[in-house]
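Each remark here refers to the structure printed beneath this line.
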Amino acid sequence: MRPVESVAIIGAGNMGSGIAQKSAQEQFEVQMVDREQQWVDRGHDIISEFLEEAVGRRIFSPAQVEGIKGRITGVVGTENVSPDTDLVIEAVFEDF
């Protein structure tokens, strides 16, 4: 079995963006996927806010934050996820 290097997170909400951030922190290449660009953008915004706070608290340096953000790619639509993705994690909001 080959090692996991790339991850796709389906759902860019609070949970999905958190999983995407942590995965990128652990050096995985991440695709953060949602149905619409606005939700992907919101996921990036959530991550940016958390990482800015982490810089302020000296958890990460600005260079580390840029590396983390650089490993996260926004993707609109599951059909656009790279076929070479090693692991897919579903974190879609469920409205019961």
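No value in this document is a laboratory result; all are computed from the given coordinates. Note that the coordinates shown come from a computational prediction; the quantities given were computed from them, not determined experimentally. Cβ coordinates were reconstructed from backbone atoms using ideal geometry, including for glycine residues, and neighbour counts include every protein chain displayed.
Between MET1 and GLN38, the modelled label-to-label distance comes to 4.0 nm, taking each label 7 Å out from Cα in the direction of the beta carbon.
For the chain, modelled as a GNM whose springs connect Cα atoms under 10 angstrom apart, the maximal fluctuation among VAL30, VAL40, VAL55 occurs at VAL55. Label-to-label distance for VAL88 and VAL55 is 3.4 nm, based on points extended 7 Å past Cα in the beta-carbon direction. Each label point was placed 7 Å from the Cα along the Cα-to-Cβ direction; for ASP95 and ASP45 their separation is 1.8 nm. Exposed loop trypsin sites (Lys or Arg not before Pro) only (DSSP loop, at most 14 other Cβ atoms within 10 Å): please give the longest stretch of the chain free of them, not including the sites. Maximal segment without exposed cleavage sites: 59-96. Working from Cα pairs under 8 Å separated by at least six residues, relative contact order for the chain is 43 percent.
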